[in-house]
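A.B. asks: Starting off with a structure, shown below.
The values are calculated or read from the model by the stated rules, or taken from the named source; none is laboratory data. All values derive from a computational prediction rather than experimental measurement. Every residue, glycine among them, receives a Cβ derived from its backbone with ideal geometry; neighbour counts consider all protein chains shown.
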Amino acid sequence: MATIHIRDLSHTFGTQNGQGLTVLKNVNLTVKDRQFACLLGPSGCGKSTLLNMIARLLSPSAGSIEFEGQDPESVNIGYIFQEPRLLNWRTVADNIEFALRVKRVPRQNRPAIVERYLKMVGLDNFKHAYPLTLSGGMQSRVGIARAFAIHPDVLLMDEPFSNLDELTARQLRRDLLDLWEKERLTVLFITHNALEAVYMGDVVHVMSNRPAEIFTSREIPLPRPRDYRNPEIFRIQQEIVDQLLNRVGDLE
Amino acid sequence: MKPTLTEAIPASVPDRRRSGRFKNLHLYALSVMVLLGLWAAIAPFFPDFILPGPVAVGRASWKIIRSGEFFIDMYYTIARVVGGFLGSLLVGIIIGVGMGINRQIETFWKMEILIGLTIPGLMWAVISVLWFGLTDFAAIFSIIIVTSPMITLNIWEGTKALDTKLVQMARTLNTPRRIIVREIVIPQLIPYLLSGTRLGLSLAWKVVVISEMVGLDTGIGHQISHWFGLFSMTNVMAWTLSFTLIMLLLEFGVIYPIERRITRWRPETKEAFVTAQA
């Protein structure tokens, strides 16, 4: 259904001096249908650039991105950003309705969908509230509800919890995984937090510094729901961090 | 998902859609009373041709309002302001948006705006009468010249402050361009447009009255100048007072409610009409 194949993908930004800045080099990555894939890498390595190319906000300099059995133009993409990116002049319900309207969901079906997803993120009492009256965690929940409500083929997430305090982030990770288990979307989740990657992912792909490539991938065979206190999570996380440090150390 | 312990989600948020009409109405009333009281207290010490009392002025106002005379001239004045203001809105939006999205346009017009804001409105009122004669267009032209820098300035600020991350969000949904403009760009510009309108209108009223005093034979400004020529301070003040009342009505009855409605999503709506008149 929504397996993503990324082949030999490179991206070079044009710069003032005309030399160009290569942020991604020969990235190969497959995200299987209904898989929760995490992409871990140091800050500024080009993770967001990769995501933006999958979302068609940017065109690759070389290589290809394919969605198995689907026309790339028609792929329905859900995107959860680092900031909630809500329309602050619209109510919580209207923010979700906006996405449904853009996706041409018939008008009479929208209220029920809005209701359903707000309930799933625990915000059904806040339909008529304006985003700026909500806490940061609650605003993130609206962003999550909006992304799930359009039934995306692929859900992209760009460090969605990195601006939140750890307690709120933990709660939201738990809740996000609950939602994902119900809907089983194909997910590509970007983070610089190794513990988060191991806790969330079926698989963790690790990226090097700029120009970034994926130098190792690791399946996480732990059963769900997972627990932070599971020593196995901590052990795998430690191994990945060590590998990353070795690799980044090589470059210096 | 259940509501969480860590986030302490409150049961609901106060519904802001209906809250707050005019708070502290009694203070507004008191403020007007004090002004009238001072006026009434001072006036008896002066002859009528220097400072008539509020009762005399009120009576004269009532007379011009009841005779319908007031509304004829008010109509001319308002029509000129509306015409000039629509013109400067057009100019301001075109130049302001251009400045917000292009560095060279920005640099070019920055200087013009600065000059435009510095030259006194009176000068333009006189010049446009010299150029265009005793015509409505003279008044409209001076309004456009005087208010468009203020509106341009606001639209420019608003365009620069546009949140492009929201546009990016919309693009991930494949949102058509016209919906992006309508739902994401325009709502972000409206608060700036509104504050430009407010400041621009307050300038426009002043300029139009000057134009009418200098060279036109209709409008509030013409009446003020006419009664000034006859040394009737009572009528000068009656025309001014009636005009001011209409302006206040417009502010409280039209602009302020529109502003409240449009900016109700902000956590703290400022009592904006106080700040903007300054």
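A.B. asks: Could you list, ordered by first residue, the pairs with Cβ atoms under 6 Å in which the first is in the stretch B:67-83 and closer than 17 Å to B:Leu203 by Cβ and the second is outside any helix (DSSP H, G or I), at least 6 apart or interchain?
C.D. replies: B:Thr77/B:Gly219
A.B. asks: Checking A:Leu188 against (1) touching a residue at least 24 places away in the same chain (Cβ under 8 Å); (2) within 23 Å of A:Gly78 (Cβ to Cβ); (3) more than 14 Å from chain B (Cβ to nearest Cβ), only one condition comes out false. Which one?
C.D. replies: Checking A:Leu188 against (1) touching a residue at least 24 places away in the same chain (Cβ under 8 Å); (2) within 23 Å of A:Gly78 (Cβ to Cβ); (3) more than 14 Å from chain B (Cβ to nearest Cβ), the one that fails is (3).
A.B. asks: Another one. Filter the stretch A:145-179 down to the residues that are more than 9 Å from chain B (Cβ to nearest Cβ), among the acidic types (Asp, Glu), out of contact with any helix residue (DSSP H, G or I) (no Cβ under 6 Å at 6 or more places or on another chain) and farther than 24 Å from A:Asn109 by Cα and list them by number.
C.D. replies: Across the stretch A:145-179, the qualifying residues are A:Glu159, A:Glu166.
Residues are listed down the side, and each one gets a yes or a no for (1) buried (at least 21 other Cβ atoms within 10 Å of the Cβ); (2) within 14 Å of chain B (Cβ to nearest Cβ); (3) of a type outside the set (Ser, Thr, Tyr):
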{"position": "A:Gly78", "(1), (2), (3)": "yes, yes, yes"}
{"position": "A:Leu86", "(1), (2), (3)": "yes, yes, yes"}
{"position": "A:Val92", "(1), (2), (3)": "yes, yes, yes"}
{"position": "A:Asn95", "(1), (2), (3)": "yes, yes, yes"}
{"position": "A:Leu100", "(1), (2), (3)": "yes, yes, yes"}
{"position": "A:Pro106", "(1), (2), (3)": "no, no, yes"}
{"position": "A:Tyr117", "(1), (2), (3)": "yes, yes, no"}
{"position": "A:Gly122", "(1), (2), (3)": "no, yes, yes"}
{"position": "A:Phe126", "(1), (2), (3)": "yes, yes, yes"}
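A.B. asks: So, B:Ile180, is that one within 20 Å of the chain's Cα centre (by Cα) and within 14 Å of chain A (Cβ to nearest Cβ) or not?
C.D. replies: Details: within 20 Å of the chain's Cα centre (by Cα): no; within 14 Å of chain A (Cβ to nearest Cβ): yes.
Considered against the rule, which asks whether it is within 20 Å of the chain's Cα centre (by Cα) and within 14 Å of chain A (Cβ to nearest Cβ), B:Ile180 comes out as no.
A.B. asks: Considering only helices (runs of 4 or more DSSP H) fully contained in the stretch A:37-152, which possess at least 3 residues that are under 17 Å from the mean Cα position of the chain (by Cα) and touching a residue at least 12 places away in the same chain (Cβ under 8 Å)?
C.D. replies: On the way: elements: A:47-54, A:92-102, A:110-120, A:136-149.
Output list reads A:47-54, A:136-149.
A.B. asks: Residues that are among the small types (Gly, Ala, Ser) and either modelled with pLDDT of 95 or more or crowded, with 16+ Cβ neighbours inside 10 Å (or both): find the helices (runs of 4 or more DSSP H) completely inside the stretch B:56-171 holding 3 or more of those. Please lay out each step first, then the result.
C.D. replies: Details: elements: B:69-101, B:103-118, B:121-132, B:136-160.
Those helices (runs of 4 or more DSSP H) span B:69-101, B:121-132, B:136-160.
A.B. asks: Now for a different question. Hey, can you tell me all the residues within the stretch B:159-177 that are facing another protein chain (nearest Cβ under 7 Å) and among the aliphatic types (A, V, I, L, M)?
C.D. replies: Result: B:Leu166, B:Met169, B:Leu173.
A.B. asks: In addition: Take the residues of the stretch A:194-238 that are exposed (fewer than 14 other Cβ atoms within 10 Å of the Cβ) and acidic (Asp, Glu): which is nearest to A:Leu50 (Cα to Cα)?
C.D. replies: Filtering first and then ranking leaves A:Glu219.
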